[in-house]
Amino acid sequence: MTQMFRMASGGIVDRSRTIGFRFDGRAYQGHPGDTLASALLANGVRLVGRSFKLHRPRGIFAAGAEEPNALAELRTGARREPNTRMTQIELYDGLEAASQNRWPSLRWDLLSLNGLIAPLLSAGFYYKTFMWPASFWEKVYEPLIRRSAGLGRASREADPDRYDTMQAHCDVLVIGGGVAGLAAALVAGASGVRVMLCEQDFVLGAGLIGEDEAWRSAALERLAGMANVTLLARTNVFGAYDANVVGALERVADHVAEPGAFVPRQRYWTIRAGRVVHATGAYERFIAFPDNDRPGVMLAGAAATYVARYGVHPGRRALLFANNDAAYQSLFTMQDAGVTVAGVVDPRADSAAQAAARARGITVWSASQVVGTAGSLALSGARVARIGSAGTDTLVAADVLCVSGGINPAVQLATQSRTAVAWSERLASWVPGAALLPQFSAGAANGVTGLREAAADGARAGAGASGAPADALGLPEDRPSDVTVLPFWEVKGSGKAFVDIQDDVTADDIRLAAREGYKHIEHAKRYTTHTMGTDQGKSGGLVGAAVLAEARGERVQDVGMPTFRPFTSPVTWGAIAGTSIGKHFAPTRLSPLHEWHVKRGAVFMDAGQWVRPAYYPAPVDGDGWDSVLREARAARRGVAVCDVSTLGKIDVQGRDAAVFLDRLYTNTFSNLPVGRARYGLMLREDGIVFDDGTTSRLAEDHFFVTTTTANAGPVMQHMEFYLQTVWPDLDVTLASVTDQWAAMSIAGPKARATIERIIEGLDVSNEAFGFMAVADATVKGCPVRVFRISFSGELAYEIATPAGHAQTVWNAVLEAGEAFKIEPYGVEALGLLRIEKGHVTGAELNGQTTAADVGLEKMFKKRGDFVGKVLSQRPGLTDPSRPRLVGVRPVMRGDQLRAGMHLVESGTTHSLGWMTAVTRAVELEGWIGLAMLRDGVARIGSRMQAASPLHGALVDVEIVSPHFVDPENARVRV
Amino acid sequence: MIRIDCPSCGGRDEVEFAYRGDATVVRPAGDAGEEAFHDFVYRRANPRGWHVEWWYHQAGCRQFLKVVRHTMTHEVHAVARAGDRVEVPAAEHTGVPAAEHKGVPAA
């Protein structure tokens, strides 16, 4: 017999269809419209998990997002998702779920012995028990804790599903699709403004089920007919951010085994709303009493929901423990649906609902309380005693104990928007005060309960948010329900009275925290982990605060509450990452010559967003080094060509362009003749080197600036900042032209002989076109700019051409160089050549180095202001013992150097510097490297050791000049 | 998330902008000395309240905009071009005692 707790009728599950699912390997049946929780209850499954720390048996406690216990690992394999709330998992055919934190099985959990050593696991136990000795932490305590405490296991496989990222705008956002939210959306929607409504449940207006279903279906029909209203079910608004921006998670395909083709599993919405209506409802809170966590103890509203919505009896025999009349309606709903009622335990002496219950033949223990529960893996009864009567209690048989300590309006999102809260004596809870932003709270979230009153409040909020009149809306029928409570938080007695069921935090833990000085609510929270679980203390947060208040001798409202922050419910990393995964994480930038590199078989590497050829393997090469050395040799001895299109390029024009550059660079550009280029060094205002590159003067009022590939964007921003905000009087215009110009560097003794064959309209002889000359010309009719600049240290020319001509010009260069066995060279050979030459790049200009550190102090002009000049002269930055750029060679030429090696005096371990770049050389034997070294200049000629403990490497090295090749810089001038 | 009403591009999300700090500090003259530059680079008022600051519309018009933002609520009171004057509200923001955001210089 399956589903023996399912009622023959009632609720909105589809009994015409039966679907199968498995829980902990066992097969069960349910119906469409069920949650995993309702289907398990229908099958009489009461034990669904073990608690986080103490491994106590736990059952289904709630019917929604506030569920602390019923957490499951949903699905298997790569789609396994831990800590999903069974109360929110929509049942689908073939669903597989498993309980968590039990070993070896849910019924026989060996670690439940933790309960016996529970005194050791009290508040702050991590801090106290495991502090000493320190070495025990890693070896003993941590593995022990990891074994015994915790929730579900994440899958270790890659997530096969896709997640979408959505942006939306609306005039009115209604958060919550209960009766108040529906009313607000109806009123706002009728006014014609753009309305969005987000509801975390897969059903809208669930509270109307079994009450006024006609109003519910009419409302849903009307909303569906409004083109200006977007309804998002299965969508939880998890956070409120500045200026009415909210984040929401739509579970698009969590209610099926796997998403269909081209369907994301979830969507992450960023919604920008003009006005927001918080119709987020309220969460029922429990009462702390001994053993209030036994499977079968359940929130009263949840028990009624299982009956009214799912047609499931949460038990055979129900007992209610409540301090308010509204909770009696939950019991009456159950009684009307055929659940046997064991009675009501009410700390109040008398009330209207108590009389109504007696009229229904229900036993009422007034002025009484539940002092304990009986049963082991499931509830068998509760011990009831009159308040104040010591020692005499009655065991009342019941397999479901409905608890209600009142309701807490769900003010989480409102307070995230800095809406202050006020204390309501009637609810003994916090209600939203005046909103700072254009926001409205409505219905139970506003402390207004009862379907009719909540709908009217929702209509009022919808009217306020849209400017439409509210009075046209018909209101639903409801039954009397008074949520006025006698504040009642805790029953003291022997046994654990939990205030946070998920985190195993008891009332005693809170008192211990208070005794030990953690009296502030935020401190008590962190010391005990109270409200830090996935349920964020929705049903027990205030209960713990009340216990703390008593311990402090204050009122609950004076203790306050911890700050609510996003996320109100857990959000998967997949949804947060969205589409920004893999190659979609950042744009990929390709040189206009990329296709040629691919055809040539280049091995590529990432350089920021750019993809650049590292080297071009040839059949003769044994490995990558062979390729790199072959390419570099071509540049040193013949001719080679490198695609340098990725360099940042900024076009600077205007009457004051030269003045502007003078103020930005350490050196002078106003005296640079037209048709010449100059190397420039740029500092940050704090005196540290920012970037370097060559700048060419194309006309009196026209400069062409190049930056390093990595700093193209930052340099542009730096220039714009000074131009727009510091010197707005200068007549200068900037344009980034990085992508507009392709560029190639032709380097080597045969560079001139190569380009002579193709350059049209320009004499490139040494006499006519000397080092650092710049001129326009054409190649195969394509316009080019020719720069006689060199990064490699060889005779070199850089040819820039509009990107569309790149391939034509590149081909012409290769054709012209064929006679000299021209080779293309990649970034690795480029690096090799610059290290041999001692030129600096980002490895040395790392945001910590000064011009003097890298040997460029002579580039400071004597006169005039420039950015960074003043602060670059600070004592700390001019200290001569600062690490300075040097060259390094192994004494044994065969020894390998590694980037990041530390330089130490032989036989010591005190680091005096570090290797910034290393390479095998072509002009010298073996490895060479650059390093930043304390007292570097003084140490040139001395011997040290380069150490890389990670690799177990210790190499004797000699400190040399960083300029290994042609220190006189003669080659570039031939 | 802040929305900035760019005078060139219209209302845009903060993700299009890069923050560039206090817009009331003025770069000293080149001969003003180390102390003055130290203050220019490092010293900031860090007020709770209204703050006049630079936002660079990196993914838009590339203009540095002067934004008057409340550092507690992130409310944006005014957005202007770099050369324009902006007004700092005299009235305190709801929930912020008046005393706590005095002394913010007008830019």
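Here are the numbers for this structure:
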quantity	calculated
Built amide H within the under 5 Å cut-off of A:Val312, gap 5+	A:Met7, A:Val307
Under 5 Å, built H, 5+ apart or other chain: amide partners of A:Ser441	A:His278
Cα centroid separation, the range A:725-773 to the range A:832-908 (Å)	28
Heavy atoms of A:Tyr163: accessible area, 1.4 Å probe, square angstrom to 10	20
Cβ-Cβ FRET estimate between A:Ser16 and B:His74, R0 fixed at 51 Å, reported to 0.05	0.45
Solvent-accessible area per residue, Å², over chain A with all protein chains present [probe radius 1.4 Å]	39
Spin-label model distance (nm) - A:Asp623 vs A:Ala78, 7 Å beyond Cα toward Cβ	3.4
FRET E, pair A:Ala261, A:Arg600, Förster distance 35 Å, beta-carbon r, rounded to 0.05	0.40
Karplus-derived HN-Hα couplings along the range A:640-656 (A = 6.51, B = -1.76, C = 1.60, θ = phi - 60°), whole Hz, x at Gly and Pro	8, 10, 10, 6, 10, 5, 6, 3, x, 9, 10, 8, 10, 10, x, 4, 9
Cα long-axis angle, helix A:806-817 against chain A (0 to 90 degrees, to the nearest 10)	40
Using alpha-carbon coordinates, inclination of helix A:541-552 to the longest axis of chain A, degrees	80
Residue-count net charge about A:Phe488 - beta-carbon cut-off 13 Å; Lys, Arg +1, Asp, Glu -1	0
Spread of Cα-to-Cα distances over 5 Å intervals beginning at zero, given as percent, for the range A:286-405	2, 13, 26, 26, 21, 9, 3, 0, 0
Sorted largest first, extent of the protein assembly as shown alpha carbons per principal axis (Å)	115, 64, 59
Hz values of 3J(HN,Hα) by residue in the range A:479-490 - Karplus curve (6.51, -1.76, 1.60), Gly and Pro given as x	9, x, 8, 10, 8, 4, 10, 8, x, 8, 10, 8
Counting DSSP beta bridges with both ends in chain A, the antiparallel % (nearest 5)	75
Accessible area of A:Ser217 in the full protein assembly, 1.4 Å probe (Å², nearest 10)	60
Cut-off under 5 Å, modelled amide H: who pairs with B:Cys6 long-range	B:Gly11, B:Arg12
Hits among lysines - C-alpha to C-alpha of A:Lys858 under 16 Å, sequence gap 8 or more where chains match	A:Lys869
HN-Hα J in Hz across the range A:926-935 - Karplus 6.51, -1.76, 1.60, θ = phi - 60°, x for Gly and Pro	x, 8, 9, x, 10, 8, 9, 9, 4, 6
Dipole magnitude of the protein assembly as shown about its Cα centre (Cβ charges: Lys, Arg +1; Asp, Glu -1), debye to nearest 20	1560
Of A:Lys496/A:Lys519; A:Lys583/A:Lys837; A:Lys599/A:Lys780; A:Lys583/A:Lys780, pairs whose Cα-Cα distance is over 30 Å	A:Lys583/A:Lys837; A:Lys583/A:Lys780
Under 13 Å, Cβ to Cβ, from A:Ala773 - net charge with Lys/Arg +1 and Asp/Glu -1	+3
Inter-probe distance in nm under a simple model that places probes 7 Å from Cα toward Cβ, at A:Asn766 and A:Arg479	10.4
Cα-based helix-to-principal-axis angle, A:712-721 vs chain A, degrees rounded to 10	90
The range A:880-973 - charge dipole about Cα centre, Lys and Arg +1 at Cβ, Asp and Glu -1, debye rounded to 20	220
FRET efficiency, 1/(1 + (r/R0)^6) with R0 25 Å, evaluated for A:Ala699 and A:Met859 via beta carbons	0.55
Net charge over other residues, Cβ less than 12 angstrom from the Cβ of A:Lys649 (K, R count +1; D, E count -1)	-2
The range B:3-101, accessible surface, carbon-and-sulfur percent (1.4 angstrom probe)	45
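The values are calculated or read from the model by the stated rules, or taken from the named source; none is laboratory data. The model shown is predicted, which means the values in this text are computed figures rather than measured ones. Every residue, glycine among them, receives a Cβ derived from its backbone with ideal geometry; neighbour counts consider all protein chains shown. Note: areas computed on protein heavy atoms with side chains; ligands, DNA, RNA excluded. Shrake-Rupley method; radii C 1.70, N 1.55, O 1.52, S 1.80 Å.
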